[in-house]
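Before any comments, here is the structure.
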Amino acid sequence: MTGGEARAAALTAAGVEHLFAVPGASGMGLTDAVMKSGKPAYVLAPHEVCAVSMADGYAKTMGRPWKKRWRTAGRRFSMSASSRASTRNASA
């Protein structure tokens, strides 16, 4: 299991159903793992602002919490995720 596969599995286990992302070299392991497994669903965004806006709109429409951003390998990798997690997890 690669690091990207482990992160994808952890996101799925945490209840994340959609990733709104702008992929980059530092996050390709995770992107590849998500694309292979199909979980969570991957939504490509053309820009960081678009990814956040898409995730925000989806979360508001569906009434779900979301996490804004992760950092990987010391470089910014914008990703937003929606999940069925409780609202206490959405404040991070």
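The values are calculated or read from the model by the stated rules, or taken from the named source; none is laboratory data. Given the structure is predicted, the values throughout are model-derived calculations rather than measurements. Backbone-built Cβ (ideal geometry, glycine too); neighbour counts: all protein chains shown.
Of all residues in the stretch 20-49 being assigned to a loop (DSSP other than H, G, I, E, B) and free of Cβ contacts under 8 Å to residues at least 40 places away in the same chain, which is surrounded by the most Cβ atoms within 10 Å (Cβ to Cβ)?
Among those residues, the one meeting the criterion is A45.
Quick one: in the stretch 51-68, of everything that is in a helix (DSSP H, G or I) and free of Cβ contacts under 8 Å to residues at least 12 places away in the same chain, which residue is surrounded by the most Cβ atoms within 10 Å (Cβ to Cβ)?
Here is the first cut: in the stretch 51-68, the ones in a helix (DSSP H, G or I) are 51-62.
From what's left, free of Cβ contacts under 8 Å to residues at least 12 places away in the same chain: 53, 57, 60-61.
Details: S53: 14, G57: 11, K60: 10, T61: 9.
Within the stretch 51-68, the match that is surrounded by the most Cβ atoms within 10 Å (Cβ to Cβ) is S53.
Can you go through A45, A33, A90, A25 and tell me which one is at pLDDT below 85 and in contact with a Ser or Thr (Cβ under 9 Å, 6 or more places away or on another chain)? Steps first, please.
Values: A45 fails: at pLDDT below 85; A33 fails: at pLDDT below 85; A25 fails: in contact with a Ser or Thr (Cβ under 9 Å, 6 or more places away or on another chain).
The match here is A90.
Is there a residue in the stretch 74-82 that is surrounded by 15 or more Cβ atoms within 10 Å (Cβ to Cβ) and either in a helix (DSSP H, G or I) or modelled with pLDDT of 85 or more (or both)?
So far as the stretch 74-82 goes, no, none of its residues is surrounded by 15 or more Cβ atoms within 10 Å (Cβ to Cβ) and either in a helix (DSSP H, G or I) or modelled with pLDDT of 85 or more (or both).
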